[in-house]
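The values are calculated or read from the model by the stated rules, or taken from the named source; none is laboratory data. Just so you know, these numbers come straight off a predicted model, no measurement behind them. Methodologically, a virtual Cβ is constructed for each residue, glycine included, from the backbone with ideal geometry; neighbour enumeration extends over all protein chains shown.
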């Protein structure tokens, strides 16, 4: 077939970017701003609002294996299309909540939709379409989540001007209008469309001056579970998300209640953090295709821990800036490398199922981070103790990545 000027895999990356930006701006990064207004209107505790976020992550972990299996068999486009429809409906329900029960139900629907339409199925498609430039492609798509953090300024403005109910309603309509068309761009594997990974043409493997197409050993899910690397990567990933999830839920509350910033200023800290995240993702994607992904991730884990300690003891704006830069860079570099390492170690054939299985471990980080910070904040009156505990756990997670060496094929 004639070769188009642009490899179709890059269109999939662009669609993944758009989907991640929607989820990041309207839900993932915006939740901390919603927490401030929900506490003002209903007086709900930090523990309860943390529990909602943690419940959503539990859903992701429990349904992860099934979602991964369905993605490998039905293809990511089907899952993403369904997920965007559910995600949009969840926002429409969220706009009408008036009690803890209806809040938890609406939040659960939103979480299911964002999970079905987000990280895992997008990653399955990109991993299948790229090998040599896999880390770069994953980082470019994942940059959408960081750009979503920049767009939180707009969400914060809407929350201030329109109120949280009108903002949630508008968000649901936007998801339905933009998310479903973006899902239509996604394709599962390149071979049925006459492509090879990275856009290589038949016969290019031995072209002068070009490395041969990387050969992968595709592990079955059962084989992956029998390797130490599977568990080390999952535990380390979960340790990183202890910090990420706690920051997403509690950082805005911390800087507004403890440091006296306005909601708009808190959103500005999110924006600064995500600018550095974008830089980290693009730089990390480039570096991950050239240097040891494992060494890069170990350094990021230590940076996560240092950043959280800086936030816990921040007494001046310069310290908050230091936190935002350090955490953003660590998150940006590390995030795309999680999928890239799994694909490098276990191949792309059952990538969705293997990633889904690992989510049962990873979810403990997404659940535990907000709960540890929220419960200790309610008990002690500040986030300092909780942030200390999470920083120590994140630093300990670096050991898991040190031990996560590429597994040998199981015979």
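Quick notes on this one:
- Taken over region 6-40, the criterion of being part of a helix (DSSP H, G or I) and over 21 Å from residue 153 (Cβ atoms) is satisfied by 8, 9, 10, 11, 12, 13, 14, 15, 16.
- Failed item in (1) within 20 Å of residue 252 (Cβ to Cβ); (2) surrounded by 19 or more Cβ atoms within 10 Å (Cβ to Cβ), with residue 48 passing the rest: (2)
- Of the helices (runs of 4 or more DSSP H) that lie entirely inside region 60-130, those containing 2 or more residues that are crowded, with 19+ Cβ neighbours inside 10 Å and modelled with pLDDT under 85 span 119-129.
- One residue stands out among those in region 163-172 that are assigned to a helix (DSSP H, G or I) and more than 14 Å from residue 83 (Cα to Cα): the one that is nearest to the chain's Cα centre (by Cα), which is 171.
- Residue 364 being surrounded by fewer than 24 Cβ atoms within 10 Å (Cβ to Cβ), under 30 Å from residue 35 (Cβ atoms) and under 20 Å from the mean Cα position of the chain (by Cα): yes
- Given (1) buried (at least 20 other Cβ atoms within 10 Å of the Cβ); (2) not in a helix (DSSP H, G or I), number of the condition residue 349 does not satisfy: (1)
- Test: residue 244 is at pLDDT below 80, out of contact with any strand residue (DSSP E or B) (no Cβ under 7 Å at 6 or more places or on another chain), surrounded by 18 or more Cβ atoms within 10 Å (Cβ to Cβ) and assigned to a helix (DSSP H, G or I): no
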